[in-house]
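Below: the structure, in structure tokens.
The values are calculated or read from the model by the stated rules, or taken from the named source; none is laboratory data. Since the model is a prediction, treat every value here as computed from it, not as a measurement. As a convention, Cβ positions derive from the backbone with ideal geometry for all residues, glycine included, and neighbour counts pool all protein chains shown.
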Amino acid sequence: MPDASPSTATPLLSSFGMRKALVFDFHSLPLRPSSYAATLGSTVVIAPHPDDESLGCGGLIALLRQAAVPVQVVLISDGTMSHPNSRKFPPAARQALREAELRQALLELGVETSPVCLGLPDSKVPREGQARFTEAATQLQELFATVKPATILCPWRRDPHPDHRATSELVRAALTGLPVPPRLLEYVVWAWERAAPTDLPQPGEVSGWRLDVGSVLEQKQRAIAAHRSQLAPGVIDDDPTGFLLSPEMLAHFARPFEAYLEVM
């Protein structure tokens, strides 16, 4: 889950009445069966923070592994800003804890391959033109060239969190240097709850669909629960200003479907 404060925006999608006024409604996307997951082929999942992978696309990951499709997860940030004032868990300990939680979550989803961790600063993942952007994009490009995935999953490019947007920019920069770029699918995390109208897909911008993950929803919930430091009561209990997933936020990821977008 994002660890820095997301951009301020009016919460949307919280009631049926509000959905009527949206330019784009994730709930109205066509629903594809769980069997569709296997058609995506070998997949690299890009997560800005530990737990974004479980929240945004945990069901799809579980379905891919159920079909014996290879999955590699890449963690972009160090995850240390969830509880920046903790003394029990200084930065190095927070990073180690969150990466351990990520590994446990991936095991719950059937992924035994260790995640690749870039260790970029949480809440300050570089955007285009900033220091370390080119270096990080090159790292991703080299990984894509080695793994040769058929599909890449990353956050929606205007997901209302700066690290999510920066992650999308890094992925897209890495893809431009590949002779045959893989398919890019974008998953939703903060946009379920905090998207402003301009954050949402605009008419004619994307094709989108929902994936039925009902058969693996329990697995997805176990993976989310593996990120114990982000849940109340949290493992890190000495920073009252620290980030915790609210019940309202978690409710978006307890549904039997996930939403995916593909820019046209």
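Quick look at the values:
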read-out: Count of residues meeting criterion [out of contact with any Leu (no Cβ under 9 Å at 6 or more places or on another chain) and under 27 Å from A93 (Cα atoms)] in the stretch 229-248; value: 9
read-out: Unmet criterion (only one of (1) more than 19 Å from S215 (Cβ to Cβ); (2) among the β-branched types (V, I, T); (3) not in a strand (DSSP E or B)) for T39; value: (1)
read-out: Residue in the stretch 253-263 that is under 18 Å from L55 (Cβ atoms), of a type outside the set (G, A, S) and free of Cβ contacts under 8 Å to residues at least 40 places away in the same chain present; value: yes
read-out: Members of the stretch 247-264 found to be in contact with a helix residue (DSSP H, G or I) (Cβ under 9 Å, 6 or more places away or on another chain) and at pLDDT below 95, listed by number; value: none
read-out: Pair list, Cβ < 8 Å and 6+ apart or interchain, from the stretch 86-101 residues that are of a type in the set (S, T, N, Q) to residues that are surrounded by 13 or more Cβ atoms within 10 Å (Cβ to Cβ); value: S86/R94; S86/I236; S86/D239; S86/G242; Q95/D78; Q95/G79; Q95/T80; Q95/G119
read-out: Helices (runs of 4 or more DSSP H) (entirely within the stretch 124-211) containing at least 2 residues that are touching a residue at least 24 places away in the same chain (Cβ under 8 Å) and among the acidic types (D, E); value: 162-176
read-out: Check on A105, aliphatic (A, V, I, L, M), closer than 15 Å to Q230 by Cα, in contact (Cβ under 8 Å) with a residue 12 or more places away in the chain and surrounded by 24 or more Cβ atoms within 10 Å (Cβ to Cβ); value: yes
read-out: Residues that are over 30 Å from V69 (Cβ atoms) and among the basic types (K, R), drawn from the stretch 83-138; value: R87, K88, R94, K124, R127, R132
read-out: Filter result for D25 (closer than 18 Å to S123 by Cα and either surrounded by 24 or more Cβ atoms within 10 Å (Cβ to Cβ) or modelled with pLDDT under 95 (or both)); value: no
read-out: Test for Q130: is it modelled with pLDDT of 95 or more, of a type in the set (S, T, N, Q) and crowded, with 18+ Cβ neighbours inside 10 Å; value: no
read-out: Members of the stretch 54-83 that are in contact with a strand residue (DSSP E or B) (Cβ under 7 Å, 6 or more places away or on another chain), crowded, with 24+ Cβ neighbours inside 10 Å and part of a helix (DSSP H, G or I); value: G56, C57, G59, L60, I61, L64
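Conditions (1) modelled with pLDDT of 95 or more; (2) on the phi > 0 side of the Ramachandran plot; (3) out of contact with any Gly (no Cβ under 7 Å at 6 or more places or on another chain), marked per residue:
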| residue | (1), (2), (3) |
| --- | --- |
| Y187 | yes, no, no |
| W190 | yes, no, yes |
| D199 | yes, no, yes |
| G208 | yes, no, yes |
| L217 | yes, no, no |
| A226 | yes, no, yes |
| P240 | no, no, yes |
